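The values are calculated or read from the model by the stated rules, or taken from the named source; none is laboratory data. Note that the coordinates shown come from a computational prediction; the quantities given were computed from them, not determined experimentally. Counting neighbours? That spans all protein chains shown, and the Cβs are built from the backbone with ideal geometry, glycine included. For the accessible areas, the whole protein counts, side chains as well, though only heavy atoms, and no ligand, DNA or RNA atoms are used. Shrake-Rupley method; radii C 1.70, N 1.55, O 1.52, S 1.80 Å.
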Amino acid sequence: MNRFLLPTLVLSCTLTALPILANQAQSAKKTPTPQGFSWTNISQALFSKKPPIQPRKGGSRDPLLPTGDICMISPDAPSERRIVWSDRPIFIWKGAVQKIAVRTRGSNEYLWSQNVAGAQSANYTGTALQPGQTYEWLVFIGESPSKFVPFQVMDAQQSKRITSDLNNLIKEKKANSEAIALAKANYFIQNQLWSDALQQAYSVENPSRELAQILKDIPDKLCNQQQIVGSNSFSR
């Protein structure tokens, strides 16, 4: 089952920040949803002087490929491995990527791949990724992968707690899809699950002008803010 597609929930409840994993979250506490919370609040955190997203940047390993730099935005490459809740995460990048793929950490076999020429994001559409498992997201400029980012799917117990929390959060509330996505994104941010928060923002089919502008700004602002991390880093 795709945990990313949840039933419609109550937008105005109190959020509970969960202890995701020791390397990615603080102790549990209750955090109320700010009145008038908007996508602008999220963008202020994303585009701060110390943004929580740490893209992996660097050029192709092949100097003969005139494609420019690739910036892998989400899942990103912080100092400690990024944890994601969704078993079908979104991949976001900036640059002329031809194909992306996913493989289990330590394996040379691809679980899923997709041609993405001309795109800057894509949702994973393969078999649901497994709780607690570490994977690698690879980008291709030519025939061979140029670079990758490791990420880990949250363990089953934590994942079920979040699924339950989300279902209790927005239950029986009539709201449009963007309002629901905003409530979920805010919840994920409270729990430092930035990849999942971005997935909510990118999931809105007809975004408001506010959200559309933020989505337009994300690649340039996040990639330009960061120092190069893992340049030419096709290594384990």
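Looking at 161, 88, just one residue is within 18 Å of the chain's Cα centre (by Cα) and in contact (Cβ under 8 Å) with a residue 12 or more places away in the chain, and that residue is 88. With respect to the conditions (1) farther than 18 Å from residue 215 by Cα; (2) outside any loop (DSSP other than H, G, I, E, B), residue 185 falls short on a single one, namely (1). Among residues that are within 30 Å of residue 47 (Cα to Cα) and open to solvent by less than 10 Å² (accessible area, probe 1.4 Å), residue 178 is not included. When 89, 75 are checked against the criterion of being touching an Asp or Glu at 6+ places or on another chain (Cβ under 9 Å), under 18 Å from residue 201 (Cα atoms) and open to solvent by less than 40 Å² (accessible area, probe 1.4 Å), 89 stands alone in meeting it. Checked against (1) open to solvent by less than 20 Å² (accessible area, probe 1.4 Å); (2) touching a strand residue (DSSP E or B) at 6+ places or on another chain (Cβ under 6 Å), residue 201 passes all but a single condition, namely (2).
Just one of the listed residues (173, 160, 184) is of a type outside the set (A, V, I, L, M) and modelled with pLDDT under 90, and it is 173.
Would you point out the residue of segment 118-173, among those that are polar (S, T, N, Q) and part of a loop (DSSP other than H, G, I, E, B), that is surrounded by the most Cβ atoms within 10 Å (Cβ to Cβ)? Here the residue is 120.
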